[in-house]
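Every number here is computed from the coordinates shown, using simple stated rules; none is lab data. Quick caveat: nothing in here was measured; it's all calculated off a predicted structure. Every residue, glycine among them, receives a Cβ derived from its backbone with ideal geometry; neighbour counts consider all protein chains shown.
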């Protein structure tokens, strides 16, 4: 698994986006981050880094888990207007392991620089709005293929030990920086370091102006 060879230059401004595909507030934030990406394009690369919400979970959800998660979903729906398919809570024995979809984003990021964000959005839509199981490899590979990836190449890279290690490295980056909640957005350069833009959901109107001003400074 090769890492992208066209990472931003050390002095290029960029955004680091700490998220998890199965974080409901990240789904709420999806239109915001995609709007920022569309507005600024290549001038302001956005690098998704997987924060590791519940990686490696093995125990199926019980009713208490479902009740807690459903409350979060309702809050996000009410606060952002994003669609949710609550039929999810009729699933039996679902294991809320966020590692596989996180690894899918890392795989996309490696195979096609700048495409990790698009696959993240596709995974979120599939999970929250369509009740698709994005912990399932076939579902993940199918979504990647819909985004233009070669299915065999993606599947092979996704299953590799290297992809698993790089995903784990993303989790460690978030942990080392003390980032425990998502979405979290940092702005800066590799040369000068990064500063916090937001820890938690913010609407586009709260971020667009300050980010545009910073980009032009």
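Multiply the residue separation of residue 85 and residue 114 by 0.36 nm, subtract the distance between their alpha-carbon atoms, and state the gained length in nm to one decimal. Provide the component values of the computation, followed by the final result.
On the way: separation 29, 0.36 × 29 = 10.44 nm, distance 2.85 nm.
Using 0.36 nm per residue and subtracting the Cα-Cα distance, I get 7.6 nm.
Per Stokes-Einstein, at 37 °C and 0.692 mPa s, what whole-number D in µm² s⁻¹ belongs to segment 1-123, with the Kirkwood radius over Cα pairs as the hydrodynamic radius?
Numbers: Rh = 15.8 Å.
Answer, rounded: 208 µm²/s.
Between residue 34 and residue 65, with labels modelled 7 Å along Cα→Cβ, what's the label distance in nm to one decimal, could you check?
Result: 2.8 nm between the two label points.
For the chain, divide the Cα radius of gyration by the Kirkwood radius and give the resulting Rg/Rh value with two decimals. Walk me through the numbers before you get to the answer.
Details: Rg = 16.8 Å, Rh = 17.6 Å.
Rg divided by Rh gives 0.95.
Report the far tail of the P(r) of segment 122-217, meaning the percent of Cα-Cα pairs longer than 19 Å.
62 percent
In what sequence do 154, 94 fall when counting other Cβ within 10 Å, fewest first?
Numbers: 154 23, 94 15.
Going from sparsest to densest Cβ surroundings: 94, 154.
Go ahead and estimate [θ] at 222 nm for the chain from helices alone: -39,500 (n - 2.57) per DSSP H run with n ≥ 4, summed, over the residue count, rounded to 500. Mind showing how you got there, number by number?
Values: 8 runs with 104 residues, N = 217.
Calculated mean residue ellipticity at 222 nm is -15000 deg cm²/dmol.
May I ask you to sort 24, 217 by Cβ crowding, counting other Cβ atoms within 10 Å and putting the fewest first?
Working: 24 26, 217 6.
So the ranking, lowest neighbour count to highest, is 217, 24.
Order of 93, 153 from fewest to most other C-beta atoms within 10 Å? Write out the running numbers ahead of the final one.
Details: 93 6, 153 12.
Least crowded to most crowded, the residues run 93, 153.
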